[in-house]
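Data block below; observations after.
The values are calculated or read from the model by the stated rules, or taken from the named source; none is laboratory data. Computed from a predicted model, the values in this text were never measured in an experiment. For neighbour counting, all protein chains shown are included, and Cβ atoms are generated from backbone atoms with ideal geometry for every residue, glycine included. Quick note on the areas: whole protein, heavy atoms, side chains included, nothing else; ligands and nucleic acids left out. Shrake-Rupley method; radii C 1.70, N 1.55, O 1.52, S 1.80 Å.
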Amino acid sequence: MSQTPDRPQPQPGLLKIAPYVQGRAHAVPGVEPVKISANESPLGASPRAIAAYRAVAEKLEIYPEGSSRILREALGEVHGLDPERIVCGAGSDDILHLLAQSYLGEGDEAVMSRFGFSVYPIVTRGASAEIVMAPETDYRADVEALLAAVTEKTRMVFLANPNNPTGTYLGAGELDRLHKGLRPDILFVLDSAYAEYVTAPDYEVGIGLVNRAENVVMVRTFSKMGLAALRIGWMYGPPHVVNTVNRIRGPFNVGVPAQVAGAEAARDTGFTAELKNYNACWRDWLTRSLSSNRLRVVPSQANFVMVLFPDARQAADAFQALLERGLIVREIHGYGIPNGLRISIGTEAAMRGVVEVLKDFGAAGARD
Ligand SMILES: *Cc1c(COP(=O)(O)O)cnc(C)c1O
């Protein structure tokens, strides 16, 4: 005796999605805000990308070329990839949604690690599938736990490497072990959003893995490299996955300004190297300067660090103290880490400001 609902009903699972909460963008009144909450570039964008963006401003009436060909060709050139195996999107969010829509449905499961990127549950539930969280070991994805979370319903495994918000990563050997443990019908989505910032010698971005498997996709973004405003993401995958995703992709999903600026940014490897060096230097400095008996900075391979406080109250107090200095960082209780703050690597002034404010929180008994 099913009754007709009195209004349109969303697909099952959608209302289980906790809406994404963006980091704060303004400080307290009267204080100049410095945003170190969204892992944006402290050096701006590639000047070549900005010039390319400006150059298309007079032709906004024209549709883009739908497959983002010029952007795919630039990426192919820079990374040594076949452009035919690249799909571009409006941010990697777009790509993640397309993958979920293509390979997940009601009754399916996707596996991620406990403190993995918060967009994975959104795209999974958006496809009416269930998200399964595997426990981590000390804020690091755990290969055995991920494999143990796989059931016969599993269709996808998400891994951000390095991960946001923890900054931790799995080395090439562990990545390989994880992939080898997955059935061939499970799509392994390797999100290398922070690849450009990794300095660890045993890091594997995922290209090799994609090349030797039929069930791996590498997802990348320009957002952390100075082009967050433009929304550009891309994936590199096996031809059969590329073919599938292209069928449901919005036919004009990347705008002209994003395509031309992205292509220039990709080719501006000098700027990419500069960002990487700057980040590595200040990431090291911030990690050393904040580590103390009471503050733990989890070693990061990304362009942010996660700082752990003795308890949630102290993290909240630190957030507030930073805010009063105009320094906006990211609270991560939404991720289930109420005693942590995520701090993006910012300008030198911002980094020195953070250390000045937080050193009091490191002093024994300072807040008791
Ligand atoms: C920031 C981030 C992205 C990028 O998202 P965009 O939609 O491209 O801005 C993807 N994955 C992870 C893990 C991230 O932290």
(message) Under the rule of at least 5 residues apart or a separate chain, name every residue whose amide H is placed under 5 Å from the amide H of residue 216.
(response) 188
(message) Within the stretch 324-359, list the residues whose amide N lies under 19 Å from a label point set 7 Å along Cα→Cβ of residue 26.
(response) 324-331
(request) Could you grab the relative contact order for the stretch 136-188? Cα pairs under 8 Å, six or more apart, rounded to a whole percent. (result) 47
(message) I'm checking a number: the convex hull volume of the Cα atoms of the stretch 20-100, normalised per residue, in Å³. What is it?
(response) 185
(message) Can you order the peptides 242-254, 94-106 by their average number of other Cβ atoms within 10 Å per residue, highest first?
(response) 94-106, 242-254
(request) Would you please state the base-10 log of I(q)/I(0) at q = 0.12, 0.15 1/Å for the chain, with intensities from the Debye formula using one equal scatterer on every alpha carbon? (result) -0.94, -1.38
(message) Just to be sure I understand the model, the point goes 7 Å from the Cα along the line to the Cβ. What's the resulting residue 6 to residue 355 distance in nm?
(response) 6.3
(request) Return the calculated 222 nm mean residue ellipticity for the chain, to the nearest 500 deg cm²/dmol, obtained by summing -39500 (n - 2.57) across DSSP H runs with n ≥ 4 and dividing by the residue count. (result) -11000 deg cm²/dmol
(message) Take the residue pairs 224/359; 153/180; 153/224; 180/276 and return only those whose Cα atoms are more than 22 Å apart.
(response) 224/359; 153/224; 180/276
(request) For residue 152 and residue 183, calculate 0.36 nm times their separation in residues minus their Cα-Cα distance, and state this gained length in nm to one decimal. (result) 10.2 nm
(request) Return the single residue from 78, 297, 111 with maximal mean-square fluctuation; model: Gaussian network over the chain, springs between Cα atoms under 10 Å. (result) 78
(request) Hey, can you grab everything whose amide H is under 5 Å from the amide H of residue 327? Only 5+ residues off in sequence or another chain; H modelled, so Pro and N-termini drop out. (result) 34
(request) Roll a 1.4 Å probe over the protein chains and send me the accessible area per residue for the chain in Å². (result) 45
(request) Just order 209-218, 10-19, 154-163 by mean Cβ neighbour count inside 10 Å, highest at the front, would you? (result) 154-163, 209-218, 10-19
(request) Would you work out the charge dipole size for the stretch 47-267 about its Cα centre, treating the Cβ of every Lys and Arg as +1 and the Cβ of every Asp and Glu as -1, and quote it to the nearest 20 debye? (result) 460
(request) Leaving ligands, DNA and RNA out of it, report the carbon-plus-sulfur percent of the accessible area of the chain at a 1.4 Å probe. (result) 53
(message) Just want the answer: with Cβ charges of +1 for Lys and Arg and -1 for Asp and Glu, which residue in 279, 355, 49 is farthest toward the dipole's positive end in the chain?
(response) 355
